[in-house]
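Each remark here refers to the structure printed beneath this line.
Laboratory data are not the source of any read-out in this text; all were calculated from the coordinates shown. Just so we're clear, the structure is a prediction, and the values are computed from it rather than from any experiment. When we count neighbours, we look across all protein chains shown, and the Cβ atoms used for this are built from the backbone with ideal geometry, even at glycine.
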Amino acid sequence: MRFYFTEQQEKFRCQVRDFLEEQLQAGAFSVHSASLVGPVSREFSRKMAEKGWIGLTWPQKYGGQGRTYVDKMILNEELFRVQAPVGYHFSADRQVGPALMKFGSEWQREHFLPRIVRAEEGIDFCLLFSEPNAGSDLASVATRAERDGDSYIVSGQKVWTSGGHDADYGWLLAKTNLDPEVRSHLSCSEFILDMHAPGVTVRPLVNIAGVHSFNEVFLDDVRVHERYLVGRENEGFKQIMAQVDYERAGIERLMQNYPVFSRLKDHVLHLDKTALDAGRYAWIRDALAGLEVDFQTGRLLCYYTAWLVDQGGNVSSQAALTKSFCTQFEQRVNDIALQILGPVGQIGQGGPWRPPVFIEDLVESYLWGPSYTLQGGSVEILKNIVAQRGLGLPRA
Ligand SMILES: Cc1cc2nc3c(=O)[nH]c(=O)nc-3n(C[C@H](O)[C@H](O)[C@H](O)COP(=O)(O)OP(=O)(O)OC[C@H]3O[C@@H](n4cnc5c(N)ncnc54)[C@H](O)[C@@H]3O)c2cc1C
């Protein structure tokens with residue numbers, strides 16, 4: 001592993017920064033910490049597509065650039081530094097594309113991949129995995145997909161579906177072998193589901209921050225043609241385990257609230273030390289330095305994971321370790337920022353109550369905080385992976 005970026009990588013980072021600066025100056029978006037991928041902007045995704053920055057690591061034959069995961073990490077680090085609105089293409093670029101390249105049919109690859117890379121109209125994906133009784137234990141999904149001629153009839157309920165209300169397609173996990181004697185790990189399959197098909201109902205869930213970001217999705221006898229089955233029937237669980245590494249390996253899990261961290265550093269830098277009790281100032285100094293140590297450690301973990309992906313190794317344990325560390329760092333940023341600001345830090349933006357000492361988005365970011373360590377696999381589940389696959393320990 002090299003602990004420096006090549007000249008080409010540094011140049012790429014500058015290109016991305018220049019583009020984002022241009023977009024910010026033009027008012028294409030503003031810098032806000034909140035949800036993982038922020039608002040959906042097809043226009044922004046289209047501009048990224050013009051640059052060739054969607055499907056950056058994909059082979060050229062599917063419209064990609066064949067670049068490395070370290071390059072992609074650089075791109076994502078810069079995008080998340082300013083919370084660019086990447087929601088339209090993010091899931092498809094991060095997970096759907098790599099999964100289709102690994103398990104999809106040639107028809108599926110040709111039909112979906114170039115459209116994703118071009119950020120075409122109608123190609124926004126959501127992930128239909130979790131259910132009311134299946135989150136950490138995805139193999140327990142109860143949604144059924146039953147064969148009917150050349151189609152499957154899908155019925156069930158999904159939950160926590162981020163962006164389901166905007167999505168055109170859902171990446172679905174459903175049970176295809178209904179024999180109770182067959183182990184649940186061997187009875188699920190993956191499908192691409194048309195979110196506009198008859199029988200699909202999307203209902204909003206408003207989170208504790210007052211934002212509609214995820215949904216419940218009800219599937220009532222939705223007909224899915226067999227050509228939308230991804231990979232082999234009943235091998236969906238095995239496939240999905242390979243895909244979640246892509247979800248866990250990204251630097252977005254370190255930088256969901258980066259603007260808050262950056263504003264906090266700025267705030268402390270401008271504190272009048274003489275106006276504070278010496279002990280309190282020493283604590284603030286120590287806490288902020290501790291966060292910086294953690295941020296730089298998390299950043300190295302992310303780039304190391306990307307480098308491992310480029311080497312073609314199995315990154316399951318490393319991706320789990322990285323996400324576990326990084327998302328807990330994000331929560332610490334919110335906690336420490338609130339402790340530094342004191343009670344006024346709990347006043348949100350807007351209205352006449354905005355306090356003189358203020359870190360924009362801190363309250364929103366704090367309310368989003370609990371979700372950081374849940375989405376994409378909870379810390380406990382990630383630690384189980386590190387224990388079993390990384391350290392070779394037996395199952396608990
Ligand atoms: C903001 C947000 C966005 C999301 N977006 C999506 C999405 O787009 N699509 C989607 O499909 N899902 C999505 N999810 C769901 C997410 O993947 C699940 O919340 C997560 O996998 C945990 O599942 P659960 O909520 O059912 O909790 P449970 O699995 O019920 O877990 C509850 C608690 O028990 C612990 N626990 C469970 N099993 C074990 C074990 N074996 N060992 C130790 N501890 C354990 C967990 O760590 C957790 O603390 C999203 C969640 C959030 C918060």
Inset, instruction - Add +1 for every Lys or Arg and -1 for every Asp or Glu among the other residues with Cβ under 13 Å from the Cβ of residue 16, and state the total. - result: +1
Inset, instruction - Compute the whole-percent fraction of alpha carbon pairs in the chain spaced more than 32 Å apart. - result: 36 percent
Inset, instruction - For a quick protection proxy, order the peptides 197-204, 276-283, 80-87, 162-169 by their average other-Cβ count within 10 Å, most packed first. - result: 80-87, 162-169, 197-204, 276-283
Inset, instruction - Take the Cβ-Cβ distance between residue 227 and residue 178 as r, set R0 to 22 Å, and report the resulting FRET efficiency rounded to the nearest 0.05. - result: 0.50
Legend entry - Cross-link table 47/323; 175/238; 11/72; 51/102, entries beyond 19 Å C-alpha to C-alpha: 47/323; 51/102
Legend entry - Share, in percent, of DSSP beta bridges within the chain that are antiparallel, nearest 5: 85 percent
Inset, instruction - Specify which residue in the list 70, 141, 217 is farthest towards the positive end of the charge dipole of the chain, using unit charges on the beta carbon of Lys, Arg (+1) and Asp, Glu (-1), about the Cα centre. - result: 70
Inset, instruction - Taking only the C-alpha atoms, wrap a convex hull around the stretch 249-390 and report its volume per residue in Å³ as a whole number. - result: 111 Å³
Inset, instruction - Order these peptides, 47-56, 187-196, 375-384, by their mean beta-carbon neighbour count within 10 angstrom, highest first. - result: 187-196, 47-56, 375-384
Inset, instruction - Please get the size of the charge dipole for the chain, origin at its Cα centre, with Cβ charges of +1 on Lys and Arg and -1 on Asp and Glu, quoted in debye to the nearest 20. - result: 800 debye
Inset, instruction - Would you work out if the stretch 77-148 is rounded, prolate or oblate? Take a ≥ b ≥ c from the square roots of the eigenvalues of the alpha-carbon gyration tensor; rounded if a/c is under 1.5, else prolate when a/b is larger than b/c, oblate otherwise. - result: oblate
Inset, instruction - Calculate one ³J(HN,Hα) per residue across the stretch 198-206 by plugging θ = phi - 60° into the Karplus curve 6.51 cos²θ - 1.76 cosθ + 1.60, and present them in order as whole Hz with x for glycine and proline. - result: x, x, 9, 10, 10, 10, x, 10, 9
Inset, instruction - For residue 383, list the aspartates and glutamates whose Cα falls under 20 Å from its own Cα; do not include residues on the same chain fewer than 8 positions away. - result: 137, 245, 247, 252, 294, 330
Legend entry - Rounded to 10°, Cα long-axis angle of helix 362-372 versus longest principal axis of the chain: 40 degrees
Inset, instruction - Go ahead and run the numbers for FRET between residue 197 and residue 310, Cβ-Cβ distance against an R0 of 51 Å, rounding to 0.05. - result: 0.85
Legend entry - the stretch 126-234 - convex hull of alpha carbons, volume per residue in Å³: 90 Å³
